[in-house]
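Just below is one structure, and these are the notes that go with it.
The values are calculated or read from the model by the stated rules, or taken from the named source; none is laboratory data. In this text, all values refer to a predicted model and were calculated from it rather than measured experimentally. Here the Cβ positions follow ideal geometry from the backbone for every residue, glycine too, while neighbour counts run over all protein chains shown. Heavy atoms of the whole protein, side chains included, go into the accessibility calculation; ligands, DNA and RNA do not. Shrake-Rupley method; radii C 1.70, N 1.55, O 1.52, S 1.80 Å.
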Amino acid sequence: MVDQRKKIKEPVAGEFQCFVDEYTGSLQSHSKYLKSAIDVVLSSNGKHVRPLLVLLTAKACGNITNDSVNAAVLLELLHTATLLHDDVVDDTKVRRGQPTLNAIFDNRISVLVGDFVLSTALLRSINTGDIRMIKIISQLGRDLSEGEIEQLETAENRLLNEESYWQVIKKKTATLLSACTEMGAISSGVSDEMIALCREFGENLGFCFQLKDDVFDYFESNKIGKPTGNDIREGKITLPLLYALKTADSTISAPFHRIIDDADFTDENINSLLCFAKEYGGIEYAEKYMKIYRDKAIQLIKQLSDSDARRSLLMLADYMIERDK
């Protein structure tokens with residue numbers, strides 16, 4: 001998988017390094033507290049899929065500009081800010097196998113650092129001078145917040161229906177990746193029709209990405225960086241379990257409904273829910289939709305002219321469902 005990511009990145013390797021330098025440079029402060037916290041944030045950064053998506057889309061559409069790199073930076077900043085705030089909301093202590101900022105410091109520092117990172121993203125959006133980009137990033141911040149609140153509402157009210165699930169992951173993940181591809185296209189100066197195509201491509205990738213993340217929760221792995229069943233423990237009932245609850249005979253599903261209704265998430269009960277979801281086809285159901293969204297994304301991006309960047313986007317679509325973390 002490491003070799004695959006390296007191959008995907010090849011067409012934009014130089015520009016990606018520019019992104020890394022700009023991203024790191026944007027998170028500077030004279031405050032000792034803030035500098036220490038930022039060091040933690042930078043050391044725990046993930047695969048940078050989102051900025052890679054911006055740059056590859058821009059190049060596949062024609063060319064990478066300063067606005068392309070700037071868009072990659074501001075979108076990764078916004079994503080980082082939301083993770084910092086989410087870790088506080090969910091009381092998450094470990095992410096990607098490393099202690100979270102709120103675990104190392106406290107919630108006060110984590111929220112304030114998240115605000116600092118978010119403000120930095122907004123400043124960079126203004127620097128593009130493109131009202132379209134400013135509008136996208138502003139709407140994205142609203143959608144991400146609304147998606148998180150709706151997920152909390154769904155968990156609190158034990159809403160067990162697919163419609164709510166799809167609505168939440170659209171706002172929490174699909175809109176972020178669609179913003180990446182849309183802003184990448186805008187930065188390269190293509191037509192409105194091409195921008196719309198790229199936006200739809202990113203949205204399909206986003207659904208695919210989130211479904212894969214949700215499936216991870218049902219399997220033991222030391223690569224993922226969070227315990228098995230963690231989503232359920234937080235009251236987040238994802239597609240595999242929703243499907244099993246919907247399709248299993250009521251006499252079989254009733255005890256599992258009671259566990260969820262009572263929020264009785266002991267280790268034993270969580271393990272029972274995971275096994276139930278697997279036994280009743282939940283994983284296969286989620287994987288079916290993963291492939292549907294992957295195939296939609298591929299058909300869209302194939303409409304672009306052939307290039308190294310387009311081929312990397314096609315590989316990235318496959319990577320979304322093949323990755324192991």
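Ranking Asp264, Asp91, Asp214 by solvent-accessible area of protein heavy atoms (1.4 Å probe, all protein chains present), from largest to smallest, gives Asp91, Asp264, Asp214. Dividing the summed helix terms, -39500 (n - 2.57) for each DSSP H run of n ≥ 4, by the number of residues in the chain produces a 222 nm estimate of -24000 deg cm²/dmol to the nearest 500.
Annotation note: trypsin sites (Lys or Arg not before Pro) in segment 184-273 located in DSSP loop regions with a Cβ neighbour count of at most 11 within 10 Å are Lys223. Annotation for Asp39 and Tyr289: the two label points, set 7 Å from Cα along the Cα-Cβ direction, are 4.3 nm apart. Computed with the Debye formula from one identical point scatterer per Cα of segment 121-207, without solvent, the log10 of I(q)/I(0) at q = 0.13, 0.14, 0.20, 0.22 Å⁻¹ comes to -0.47, -0.53, -0.90, -1.01. For Asp192 and Glu279, a Förster radius of 45 Å and the Cβ-Cβ distance give a FRET efficiency of 0.40, rounded to the nearest 0.05.
Which distance in Å, rounded to a whole number, links the C-alpha centroids of segment 1-68 and segment 75-98? That distance is 17 Å.
Equivalent ellipsoid of the chain: semi-axes from √(5λ) of the C-alpha gyration tensor, largest first, are 33, 24, 17 Å. Once the C-beta distance of Asp106 and Ser145 is scaled by a Förster radius of 30 Å, the resulting FRET efficiency is 0.85 to the nearest 0.05. Taking Cα atoms only, the orientation of helix 192-216 departs from the longest principal axis of the chain by about 40 degrees. Applying both filters, DSSP loop and at most 13 other Cβ atoms within 10 Å, to the trypsin sites (Lys or Arg not before Pro) of segment 132-167 gives Arg158.
Paramagnetic label reach from His257 (point 7 Å along Cα→Cβ; backbone nitrogen cut-off under 15 Å): within segment 134-162, residues 158-162. Normalised Debye scattering of segment 104-158 at q = 0.16, 0.25, 0.29 Å⁻¹ gives log10 I(q)/I(0) of -0.67, -0.96, -1.03, counting only Cα atoms as equal scatterers and leaving out solvent. Each label was represented as a point 7 Å from its Cα along the Cα-to-Cβ direction; for Asn127 and Lys93 these points are 3.8 nm apart. Computed from Cα positions, the angle between helix 131-156 and the longest principal axis of the chain comes to roughly 10 degrees.
Heavy atoms of the protein chains alone define the surface here; on that basis the chain has 46 Å² accessible area per residue at 1.4 Å probe size.
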